[in-house]
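Engineer: I have a structure I would like to understand better, so I am pasting it below and will then ask my questions one at a time.
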Amino acid sequence: MPYKYIFFDVANTLLQKPQLFIKIHKVLVEYGYEVEIHYLKRIHKLLSETIAFPDKTSKEFYHHFNAELLYAIGILPNSELLEDIFAACTYMEWQPFDDTDYLNQITIPTGIISNWDTSLESKLKSYFTCDFFEIYGSQKEGVKKPALDFYKRAIKKLDCPTNQILYVGDSIKLDTQPARKLGIEAILIDRENVFPYYKEPKINSLHQLSTFLD
């Protein structure tokens, strides 16, 4: 079925912090823990599915999240280790994934539905040259994924059935499941194959969207 619109999530779908796991790994090595980066990414991703991120993160939030990350890995957290991880990772810049160059090849209207603070529009303009016809950020809208109302706001403005809308995100809980509840076609992007048993449509590169759009 030809799609009339496509929407994307942003964090860890279009933008990443490529140095994040390298920095965490380095700190852990300094404390005597040789944790494989791929394993660290996997645990971090699974934990992100269960812990809700605020629009504006804080030191307190990251201490909590990183403590849970360490517990999940099997490392007992302490205040010194948490401080060092936070110091190594704070104010880290977002960067686009390499495969986001595919955005410039998409010919249907492209939009954004993302849990993000009010800097979302300026952030997108600084990294992407493509035009997003609609940008919905959670802090600006006052509603967050996975709330269905967030998706409904986008649907209301579109003159087509929901099954002609495609949504792409990296989270089952926040992205693909709620979109599908409303009849939107949803694709999980799983670059690290964290969810090998996911049976719904899944890609590991944005370039694979050509299979759905062409």
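The values are calculated or read from the model by the stated rules, or taken from the named source; none is laboratory data. Predicted model only: the values in this text are computed from it and were never measured. Methodologically, a virtual Cβ is constructed for each residue, glycine included, from the backbone with ideal geometry; neighbour enumeration extends over all protein chains shown.
Engineer: Do we find a residue being of a type in the set (D, E, K, R), in contact (Cβ under 8 Å) with a residue 40 or more places away in the chain, in a helix (DSSP H, G or I) and surrounded by fewer than 19 Cβ atoms within 10 Å (Cβ to Cβ) anywhere in the stretch 16-25?
Structural biologist: Taking the stretch 16-25 and keeping what is of a type in the set (D, E, K, R), we get 17, 23.
With in contact (Cβ under 8 Å) with a residue 40 or more places away in the chain added as a condition, the list becomes 17, 23.
Add one more test, that the residue is in a helix (DSSP H, G or I), and what stays is 23.
From what's left, surrounded by fewer than 19 Cβ atoms within 10 Å (Cβ to Cβ): 23.
Yes, there is a match, as at least one residue in the stretch 16-25 is of a type in the set (D, E, K, R), in contact (Cβ under 8 Å) with a residue 40 or more places away in the chain, in a helix (DSSP H, G or I) and surrounded by fewer than 19 Cβ atoms within 10 Å (Cβ to Cβ).
Engineer: Could you run through the stretch 184-199 and say how many residues are surrounded by fewer than 22 Cβ atoms within 10 Å (Cβ to Cβ), in contact (Cβ under 8 Å) with a residue 24 or more places away in the chain and part of a loop (DSSP other than H, G, I, E, B)?
Structural biologist: Total meeting the criteria: 4.
Engineer: Scan the stretch 159-183 residue by residue and report those that are touching a residue at least 40 places away in the same chain (Cβ under 8 Å) and either part of a helix (DSSP H, G or I) or β-branched (Val, Ile, Thr) (or both). Outline the logic, then answer.
Structural biologist: Taking the stretch 159-183 as the starting set, the residues that turn out to be touching a residue at least 40 places away in the same chain (Cβ under 8 Å) are 160, 163-175.
Passing the criteria: ASN163, GLN164, ILE165, VAL168, ILE172, LYS173, LEU174, ASP175.
Engineer: Okay, moving on. If you check every pair at least six apart or on different chains, which have Cβ atoms under 7 Å apart with a residue in the stretch 111-136 that is without any contact (Cβ under 8 Å) to a residue 24 or more places away in the chain first and a residue that is charged (D, E, K, R) and outside any loop (DSSP other than H, G, I, E, B) second?
Structural biologist: THR118/LYS140
Engineer: OK, next. Right, ALA147: modelled with pLDDT of 95 or more, surrounded by fewer than 17 Cβ atoms within 10 Å (Cβ to Cβ) and among the aliphatic types (A, V, I, L, M) or not?
Structural biologist: Answer is yes for this residue.
Engineer: Then there's this: Looking only at the stretch 84-137, filter to residues that are out of contact with any Gly (no Cβ under 9 Å at 6 or more places or on another chain) and in a strand (DSSP E or B); which one of those is nearest to PRO54 (Cα to Cα)? Don't jump to the end; show me each part of the working.
Structural biologist: Residues of the stretch 84-137 out of contact with any Gly (no Cβ under 9 Å at 6 or more places or on another chain): 84-111, 122-131, 137.
If we keep only those that are in a strand (DSSP E or B) too, we end up with 95-96, 110-111, 137.
On the way: GLN95: 20, PRO96: 21, THR110: 25, GLY111: 22, GLY137: 12 Å.
Residue satisfying both the conditions and the ranking: GLY137.
Engineer: What residue, among those in the stretch 26-56 that are buried (at least 18 other Cβ atoms within 10 Å of the Cβ) and under 13 Å from the mean Cα position of the chain (by Cα), is farthest from ASN78 (Cα to Cα)?
Structural biologist: Selected residue: SER48.
Engineer: Taking the condition within 15 Å of the chain's Cα centre (by Cα), part of a helix (DSSP H, G or I), surrounded by 13 or more Cβ atoms within 10 Å (Cβ to Cβ) and among the aliphatic types (A, V, I, L, M), does LEU81 pass?
Structural biologist: Numbers: within 15 Å of the chain's Cα centre (by Cα): no; part of a helix (DSSP H, G or I): yes; surrounded by 13 or more Cβ atoms within 10 Å (Cβ to Cβ): yes; among the aliphatic types (A, V, I, L, M): yes.
Taking the combined requirement at face value, the residue does not satisfy it.
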